Amino acid sequence: MAATAQTVAQVRDLGKYKHGWETEIEMETAPKGLNEDIVRFISARKDEPDWMLDWRLKAYRHWLTMTEPTWAMVDYPAIDFQDIYYYAAPKNTEGPKSLDEVDPELLRTYEKLGIPLKEQEVLAGVQGAPKVAVDAVFDSVSVATTFKKELESHGVIFCSISEALQNHPELVRKYLGTVVPYTDNFYATLNSAVFSDGSFVYIPPGVHCPMELSTYFRINAKDTGQFERTLIVAEEGSYVSYLEGCTAPMRDENQLHAAVVELVALKDAEIKYSTVQNWYPGDETGKGGIYNFVTKRGACRGDDSKIRWTQVETGSAITWKYPSCILQGDNSVGEFYSVAIANNAQQADTGTKMIHLGRNTRSRIISKGISAGRARNTYRGLVRMGPKALNGRNFTQCDSLLIGDRCGAHTVPYIESRNRTAKVEHEATTSRIGEDQLFYCRQRGIGEEDAVALIVNGFCKEVLQELPMEFAVEAQKLVGISLEGSVG
Amino acid sequence: MLEIENLHAAVDGRAILNGLTLAVAPGEVHAVMGPNGSGKSTLSYVLSGRDGYEVTAGRVRFRGEDLLALDPEERAAAGLFLAFQYPVEIPGVTNMTFLKHAVNGLKVQRGEEELDAMQFLKLVRQKAKALGMSDDMLKRAVNVGFSGGEKKRNEILQMAVLEPAFAVLDETDSGLDIDALKIVADGVNALRGPERSMLVITHYQRLLDYIVPDRVHVLAGGRIAQSGGKELATRLESEGYAAFVEKAAA
Ligand SMILES: Nc1ncnc2c1ncn2[C@@H]1O[C@H](COP(=O)(O)OP(=O)(O)OP(=O)(O)O)[C@@H](O)[C@H]1O
Ligand SMILES: [Mg+2]
């Protein structure tokens, strides 16, 4: 591409990916590359208990014996794991602080992203507007958590995982790695060795968490991997709804994001976990963007427990992600609602696993994949009915929508049933965005891009309506933005 | 208002319109009749700018502008509305949402201020009520699961809300029961005015009892084979198109 054309394209892209700017802030980083010293450095920086360091080191040593998985339908050049910074933190953030002490430059960053970190601003909003508590993670560390006091009065713990390791080590130790063991898979094992921060949530028995909890992840520093670890524990009879949002500046290099999320729902507990993933997807030619290699898994450990994953995946150059449910408790319920949009050169390989172990366990999978440009979008799902999962039920619906004729959609369902009383239903459709629908909209005065956004939002409605209200509106807009330039 | 001159159009390389000439003055209602497959819907798509309907010769002026140079949404903004013979379903998008995007899409293009939620709601409720449409209908996805007649009524609702300067109604009467036909005709008549024109495509003279046209045209062989007053429709009803088809083929 000629230099001028490139500049024009970059300027245009700037308008498209509106979170592509960078915060100028002094950072402290560990030297590039990975070895035992780096693992020790991270652990020491966080003043972690010895058992935590041991666990990290075990993970690191195990990781050395592993190779990157290649089964996903994604292509990318080999990642040089020695060319990444594994720790980057804004200077002067020795652990979490009160909001007044947070660097104003950071507060401005989140303001610009539309994330309220000042509690009074949230309170001053529209009367009756739901409150959302936010944990903000900037590169490797949590910089602020809001509404802590109010949550504490209900016994809810919501803080960064580093802070939890200081103040509630027994809780972290009891649950960490019990859903995603450190040996689980290449990226999860890497995360176990070097995770730098993330959120910790604990809901005591019988408590209905009084507000939405959310974590906002921002990758800022260059050549930095983000390895956050989130752990949510919902005790017997409790309820929590948790949201996760993410953005990153636009860079020509690819950046690695390898997170692990573990959910534990005990008897009668319910966890709703929603994600709006808008990492930088790279430019139209496929340059730059985030590699999003994430392991998310929830255990319905108690009887009658319920876990619901809702995800809207619009960003990242490559998405490799399968939020899953292990349905151990009798009558437990797992749900997965997903919208995955891949435009330009993006590649997404995403889906879920529903592992039915207990009796009368039920799962429901609704996946909407949208592909445009030259993108590749794969749904990969596993439904397993174990021998004791008597009367287990699964319903899966996978719909793919294609925009243009250069993109691809694939559906790869795996079904394993080890008992005869279980029922698994799978429906799949693939359609092209209708010329008749587009023309109908345009005839009514709706511009082409708005028409695409409208039709795609309609296509995704079943999933979007599962998002908490305040996120649903954002997600709808995001659907439109991420498909800009996909027609005409 | 609309002047079509010597229009030739092809679909998939096949000529459908062969030198069609037609002019509709402001305030006039013209009816177009013609046998199945004669190109009536093709004419409506050519006027509204659908992809795949290729104009090979001729010109169309609309309110002084070269209509054929505009994109479909620009034609809509210029005041052109098409009530589809086969209205399209849009799953997951409610009638309300669709109409709101349409109303504001037109306003933005015209450089006017968009309606806020309250103003919009009021407007739509009022129009829906006049057409005997329930609130429930407004909350349903566009045309999804609508009966044939409901779809047609929905087209007229959209027209009533968007208030176009020129409406092409493509067989809006087909599939309507007698009561619905009257309601739709009332809706159409309510929009008639000195600055508004319509092209009503129909197979039945019955509709023209309710919407009385200024002119009636017969489309055959890809052009207007005959024009006349309302009495032409009555004649067609008794005699059929045979004479025109033969004449066009000759
Ligand atoms: N997309 C297309 N591909 C091929 N032929 C087409 C296409 N669209 C229309 N035609 C043909 O063009 C001719 C005119 O069709 P059109 O729909 O305009 O007829 P019509 O007058 O509206 O008929 P009806 O009274 O049945 O609605 C028909 O022969 C039809 O088969
Ligand atoms: Mg027709």
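The values are calculated or read from the model by the stated rules, or taken from the named source; none is laboratory data. On a predicted model such as this, the values are computed, not experimentally measured, just so you know. With ideal geometry, Cβ positions are generated from the backbone for all residues, glycine too; neighbour counts draw on all protein chains shown. Ligands, DNA and RNA are excluded from the accessible area calculation, which covers all protein heavy atoms including side chains. Shrake-Rupley method; radii C 1.70, N 1.55, O 1.52, S 1.80 Å.
If I take every Cα pair under 8 Å that is 6 or more residues apart in chain B, average their sequence separation and divide by the length, what percent do I get for the relative contact order?
Details: 441 pairs, mean separation 67.8, N = 250.
RCO, chain B: 27 percent.
Rounded to the nearest 500 deg cm²/dmol, what is the calculated helix-only ellipticity per residue at 222 nm for chain B, with -39500 (n - 2.57) per DSSP H run of length n ≥ 4? Spell out each step's value before the answer.
Numbers: 10 runs with 103 residues, N = 250.
Per the formula, -12000 deg cm²/dmol.
Between the stretch A:419-449 and the stretch B:94-143, how many Å separate their Cα centres?
23
Longer than 26 Å from Cα to Cα, which of A:Lys388/A:Lys461; A:Lys368/B:Lys122; A:Lys461/B:Lys40; A:Lys174/A:Lys423; B:Lys122/B:Lys182; A:Lys267/A:Lys477 are they? Say none if no pair is. Could you put the intermediate results ahead of the total?
Working: A:Lys388/A:Lys461 35 Å; A:Lys368/B:Lys122 34 Å; A:Lys461/B:Lys40 36 Å; A:Lys174/A:Lys423 35 Å; B:Lys122/B:Lys182 24 Å; A:Lys267/A:Lys477 37 Å.
From A:Lys388/A:Lys461; A:Lys368/B:Lys122; A:Lys461/B:Lys40; A:Lys174/A:Lys423; B:Lys122/B:Lys182; A:Lys267/A:Lys477, over 26 Å: A:Lys388/A:Lys461; A:Lys368/B:Lys122; A:Lys461/B:Lys40; A:Lys174/A:Lys423; A:Lys267/A:Lys477.
Any idea what angle helix B:95-109 forms with the longest principal axis of chain B, computed on alpha-carbon atoms, 0 to 90 degrees, nearest 10?
Once rounded, one gets 70 degrees.
What accessible area, summed over both chains, is buried at the B-A interface (1.4 Å probe, Å², nearest 100)? Mind showing how you got there, number by number?
Working: alone 11630 and 19660 Å², together 29200 Å².
The B and A chains share an interface burying roughly 2100 Å².
Please give the per residue accessible area of the stretch A:134-482, computed with a probe of 1.4 Å over protein heavy atoms only, in Å².
Values: 10250 Å² over 349 residues.
Each residue of the stretch A:134-482 exposes 29 Å² on average to a 1.4 Å probe.
Taking the Cα atoms only, what angle lies between the long axis of helix B:148-162 and the longest principal axis of chain B, rounded to 10 degrees?
Orientation of helix B:148-162: about 70 degrees from the principal axis.
Can you tell me the orientation of helix B:117-130 relative to chain B, as the angle in degrees between its alpha-carbon axis and the longest Cα principal axis, to the nearest 10?
Helix B:117-130 sits roughly 50 degrees off the main axis of chain B.
Over the stretch B:25-97, what is the relative contact order in whole percent, taking alpha-carbon pairs under 8 Å and six or more residues apart? Kindly include the intermediate steps, with their values, before the conclusion.
Working: 33 pairs, mean separation 17.2, N = 73.
Relative contact order, the stretch B:25-97: 24 percent.
Roughly how many Å is it from the Cα centre of the stretch B:1-70 to that of the stretch B:198-247, as a whole number?
For the stretch B:1-70 versus the stretch B:198-247, the Cα centre distance is 17 Å.
If you take each beta carbon of peptide B:42-49 and count the beta carbons of other chains within 10 angstrom, what is the mean?
Details: counts 0, 0, 1, 2, 0, 0, 3, 3.
Across the residues of B:42-49, the mean count of other-chain Cβ atoms within 10 Å is 1.
Classify the stretch A:134-482 as rounded, prolate or oblate, taking a ≥ b ≥ c as the square roots of the eigenvalues of its Cα gyration tensor: rounded when a/c is under 1.5, otherwise prolate if a/b is larger than b/c and oblate if not. Intermediate values should be presented prior to the final figure.
Numbers: a/c = 1.68, a/b = 1.23, b/c = 1.37.
Since a/c reaches 1.5 but b/c is at least a/b, the shape of the stretch A:134-482 is classed as oblate.
Between B:Glu5 and A:Phe186, what is the label-to-label distance in nm when each label sits 7 Å out along the Cα-to-Cβ direction?
6.8
With θ set to phi - 60° and the Karplus curve 6.51 cos²θ - 1.76 cosθ + 1.60, what are the ³J(HN,Hα) couplings of the stretch A:69-80 in order, to the nearest whole Hz, using x for Gly and Pro?
Ordered by residue, 3J(HN,Hα) equals x, 10, 6, 6, 7, 9, 10, 7, x, 3, 8, 8 Hz.
For B:Asp179 and B:Glu112 in the same chain, what is the full-extension length gain: residue separation times 0.36 nm, less their Cα-Cα distance, in nm? Show your work: numbers first, answer last.
Details: separation 67, 0.36 × 67 = 24.12 nm, distance 3.70 nm.
Extra length from B:Asp179 to B:Glu112 when fully extended: 20.4 nm.
If you roll a 1.4 angstrom probe over the protein chains with everything in place, what fraction of the accessible area of the stretch A:307-350 belongs to carbon and sulfur, to the nearest %?
Values: 210 of 540 Å².
In the stretch A:307-350, the share of accessible area belonging to carbon and sulfur is 40 percent.
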